[in-house]
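Down below is the structure, laid out as structure tokens.
The values are calculated or read from the model by the stated rules, or taken from the named source; none is laboratory data. Here the structure is a predicted model, which is why all the values come from computation and not from measurement. Backbone-built Cβ (ideal geometry, glycine too); neighbour counts: all protein chains shown.
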Amino acid sequence: MPKQVQHDDDTMLAKHLNPNLFKNPELIPTRNGYGDGLVEAGTKNKNVVVLCCDLVESTRSLGFAKKFPERFIEMGVAEQNMAGVAAGMAGYGKVPFIASYAVFSPGRNFDQIRVSIAYGDQNVKIAAAHAGISVGPDGATHQALEDIAMMRALPNMILLSPCDMLETKKATLTAAAYKGPVYLRFTREKTPVITTPKTPFEIGKAQVLRTGKDVTIVATGPLVYEALLAAECLAGNKDAIATLFARYPKIAARVKTSKLHGHSMARSKVTIAWSPAKISALLKQRGPVDAEVINCSTIKPLDVETLVRSAKKTGLVITVEEHQIHGGLRGAVAEALSLLHPTRIIPVGMPDSFGESGETMELLEKYGMTAPWIIYTLVNQ
């Protein structure tokens, strides 16, 4: 577990986090980290090759294509062919990265990934850009919200979901060095930089970014920032509360009703008007909530040891993901805890529905994947 450092507001955040986390953090797309990592991986290993399906700029494969044109293959709009070609190249010692949008790869080429890559345990890296609902205006057809469930079910497959640009770069370099198939999931929009170059990253290891004793918040991808922001607000961090209302000037927590096995997953539809005064009054009434925040950057293999240790301490788990609440991070955590330490789990994610076209932050708010929603979910238990 990373060392913890005491902050002025008496919270406990992990060492090597961005010191400006709640004071105007830099916003950079996670896909930029993939692009930077590709170039570095290609420089280190001449066997690294990149294949792309007519999305060289969007997936940030362009830097590699310019520096190593002899090792870049433009496949056109042919995701199935791309997966098959990559599997063949891996069989001859190459380290192929195949890049497309997550709705296309694995969305359209799952059969080729399953049979040609996973079944054969081929050394192919599947880079899935524009994952989640934060694709925004592209609409429901381009919002990959099922891919974690699909890919974590495949034998031999490693599944990485980094939280920011720097971690995405580390994940790309780690994937290049790992021998075997890897699924690397990242997003399009600019998101806060949470980590630093010194923040550790290792396949199969979750990072405890904030220690706590009342509740465990397990998050993945860029929503790790929302989890940290919610945790610090619940602890009474004034900088975090100010950041919350700067980030969400018109906060309204909407509860949508969804059912799983006949049980309501949320309350009836309500609208809650938030304000700094309301949060302060809530904290004064209930007292601060001490939340532990875990960055689950590897969803498969899952860091079961860290999760069980935290669940035993807090007795309540909230999962946060930009994905359907069925089969993704929530499913992975539930499967592990049900065997080793049964714990109540409350999911924050896509409530068993398709998305729609809209601005990124509006969609995240509407479908309840923001810090205000995490706060509302927790204080109403």
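The figures follow:
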| quantity | calculated |
| --- | --- |
| Test: residue in segment 297-306 that is basic (Lys, Arg) and over 24 Å from ALA171 (Cα atoms) | no |
| Count - residues of segment 57-77 that are out of contact with any Cys (no Cβ under 8 Å at 6 or more places or on another chain) and either within 14 Å of SER105 (Cβ to Cβ) or free of Cβ contacts under 8 Å to residues at least 40 places away in the same chain (or both) | 11 |
| So GLY139, is it at pLDDT below 95 and over 12 Å from THR187 (Cβ atoms) | yes |
| Residue that is surrounded by the fewest Cβ atoms within 10 Å (Cβ to Cβ) [pool: residues in segment 109-127 that are farther than 14 Å from CYS52 by Cβ and in contact with a Leu (Cβ under 8 Å, 6 or more places away or on another chain)] | ARG114 |
| Any hit, segment 96-108, residues being more than 30 Å from ALA242 (Cβ to Cβ) and free of Cβ contacts under 8 Å to residues at least 40 places away in the same chain | yes |
| Any chance ILE325 is of a type in the set (A, V, I, L, M, F, W, C), more than 17 Å from the chain's Cα centre (by Cα) and buried (at least 18 other Cβ atoms within 10 Å of the Cβ) | no |
| Cross-chain or 6+ apart pairs with Cβ under 8 Å, segment 357-373 first and free of Cβ contacts under 8 Å to residues at least 24 places away in the same chain and assigned by TED's automatic domain parsing to the domain that holds THR220, then of a type in the set (Val, Ile, Thr) and buried (at least 21 other Cβ atoms within 10 Å of the Cβ) | none |
| Qualifying positions in segment 284-321 - surrounded by fewer than 18 Cβ atoms within 10 Å (Cβ to Cβ) and more than 23 Å from the chain's Cα centre (by Cα) | LYS284, GLN285, ARG286, GLY287, PRO288, LYS312, LYS313, GLY315 |
| Complete set of residues in segment 354-381 that are in a loop (DSSP other than H, G, I, E, B), among the hydroxyl-bearing types (Ser, Thr, Tyr) and under 19 Å from the mean Cα position of the chain (by Cα) | TYR367, THR370 |
| Members of segment 316-342 that are in a loop (DSSP other than H, G, I, E, B) and in contact (Cβ under 8 Å) with a residue 40 or more places away in the chain | ILE325, HIS326, GLY327, GLY328 |
| Which listed residue is surrounded by fewer than 22 Cβ atoms within 10 Å (Cβ to Cβ), farther than 28 Å from VAL115 by Cβ and in the same structural domain as SER105 (by TED's automatic domain parsing), from ASP214, ASP138 | ASP138 |
| Flag for PRO106 being touching a Phe, Trp or Tyr at 6+ places or on another chain (Cβ under 9 Å) and crowded, with 21+ Cβ neighbours inside 10 Å | yes |
| All positions within segment 18-43 that are surrounded by 17 or more Cβ atoms within 10 Å (Cβ to Cβ) and modelled with pLDDT under 95 | ASN18, LEU21, PHE22, PRO25 |
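Residue by residue, here is whether (1) more than 15 Å from GLY236 (Cβ to Cβ); (2) among the hydrophobic types (A, V, I, L, M, F, W, C); (3) modelled with pLDDT of 75 or more; (4) assigned by TED's automatic domain parsing to the domain that holds LEU339 holds:
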{"site": "LYS256", "(1), (2), (3), (4)": "yes, no, no, yes"}
{"site": "HIS263", "(1), (2), (3), (4)": "yes, no, no, yes"}
{"site": "VAL270", "(1), (2), (3), (4)": "yes, yes, no, yes"}
{"site": "PRO276", "(1), (2), (3), (4)": "no, no, no, yes"}
{"site": "PRO288", "(1), (2), (3), (4)": "no, no, yes, yes"}
{"site": "ALA311", "(1), (2), (3), (4)": "yes, yes, yes, yes"}
